[in-house]
Amino acid sequence: MAKLYFRYGAMGSSKTANVLMVRYNYIEKEQIPVLLKPRTDSRDGERVIRSRIGLEEPCLYVDEFLEAIDKPGSTAYTNLKNKNYAAVIVDEAQFLTASEVDRLSDIVDDFEIPVLCYGLRTDFTGHLFEGSKRLMEIADVIEEVPTVCWCGRRAHYNTRIKNGQVVRTGEQIMLGGNEAYVSLCRKHFKEGRIRK
């Protein structure tokens, strides 16, 4: 039975590496997965998913894929209907809209194809992103991809930093990597301590 998965973790938990490894596992078994990301995620370029350890693969944008499956004669629709796709894998799922999450759940329910979404649960203030909120509400399986704070505790928070200091205000979405974010446990997030 196909399911909608949400695998979340703080930054640096290897979510994107997991996305690409899961894709590779399907390919190795001679099955075809669809690799997607939201158009918002432009940090690594257009139509590419790249992990911090250097793995990368081309992908489609979520919105263009969902638009294509609305057309019953399209290749995407036909491949879903004929079960030519083994899975749909989505990176940076926190940037999805609630409507896009609902549409991805339709792929699970209508075509019986699993959809695996990977992303952050919360933003730099500790509040849910729209896509993550909807996934927490409707996903069949919710799993944490763990990582640790500098102190060794489990990291929950994607803490925005600038000039070595914690940033508490600003736009919810600001793309960046290690230069702009650090993962912290709740205690050190509250304290604003990014190192010993």
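For this structure, a couple of remarks:
- Residue pairs meeting the criteria (Cβ under 6 Å; at least 6 apart or on separate chains; first farther than 19 Å from residue 146 by Cβ, in region 169-196; second part of a loop (DSSP other than H, G, I, E, B) and modelled with pLDDT of 70 or more): 172/123; 175/43; 195/150
- The numbered conditions (1) crowded, with 16+ Cβ neighbours inside 10 Å; (2) modelled with pLDDT under 90; (3) closer than 21 Å to residue 52 by Cα are all true for residue 174 except (1).
- Sole exception among (1) hydrophobic (A, V, I, L, M, F, W, C); (2) loosely packed, with under 15 Cβ neighbours inside 10 Å; (3) in a helix (DSSP H, G or I) for residue 53, by number: (3)
- Against the conditions (1) at positive phi; (2) basic (Lys, Arg); (3) buried (at least 21 other Cβ atoms within 10 Å of the Cβ), residue 47 satisfies every one except (3).
- The criterion of at least 1 residues that are over 19 Å from residue 17 (Cα atoms) and within 21 Å of the chain's Cα centre (by Cα) is met by the following helices (runs of 4 or more DSSP H) wholly inside region 89-196: 98-111, 130-138.
- Some residue of region 118-131 being farther than 24 Å from residue 39 by Cα, surrounded by fewer than 14 Cβ atoms within 10 Å (Cβ to Cβ) and modelled with pLDDT of 90 or more: no
- Top-ranked residue of region 1-32 - restricted to ones that are part of a loop (DSSP other than H, G, I, E, B) and under 17 Å from the mean Cα position of the chain (by Cα), ranked as surrounded by the most Cβ atoms within 10 Å (Cβ to Cβ): 10
- Residue that is modelled with the lowest pLDDT, among those in region 39-67 that are under 19 Å from residue 114 (Cβ atoms) and not acidic (Asp, Glu): 49
- When residues in region 57-75 are screened for being without any contact (Cβ under 8 Å) to a residue 12 or more places away in the chain and β-branched (Val, Ile, Thr), 1 of them pass.
- Within region 83-106, being over 15 Å from residue 60 (Cβ atoms) and of a type in the set (Lys, Arg) holds for one residue alone: 83.
- In the set 100, 92, only one residue is closer than 23 Å to residue 158 by Cα and among the charged types (D, E, K, R); that residue is 92.
- Only a single item in (1) open to solvent by 60 Å² or more (accessible area, probe 1.4 Å); (2) of a type outside the set (Ser, Thr, Tyr); (3) within 30 Å of residue 4 (Cβ to Cβ) is not met by residue 158, and it is number (1).
- Matching residues, region 76-88, being without any contact (Cβ under 8 Å) to a residue 40 or more places away in the chain, open to solvent by 20 Å² or more (accessible area, probe 1.4 Å) and not in a loop (DSSP other than H, G, I, E, B): 77, 78, 81
The values are calculated or read from the model by the stated rules, or taken from the named source; none is laboratory data. Remember, it's a predicted structure, so these values are computed and weren't measured experimentally. A quick note on method: Cβ atoms are made from the backbone with ideal geometry, for glycine too, and the neighbour counts reach across all protein chains shown. Keep in mind that these areas ignore ligands, DNA and RNA; they rest on the heavy atoms of the full protein, side chains included. Shrake-Rupley method; radii C 1.70, N 1.55, O 1.52, S 1.80 Å.
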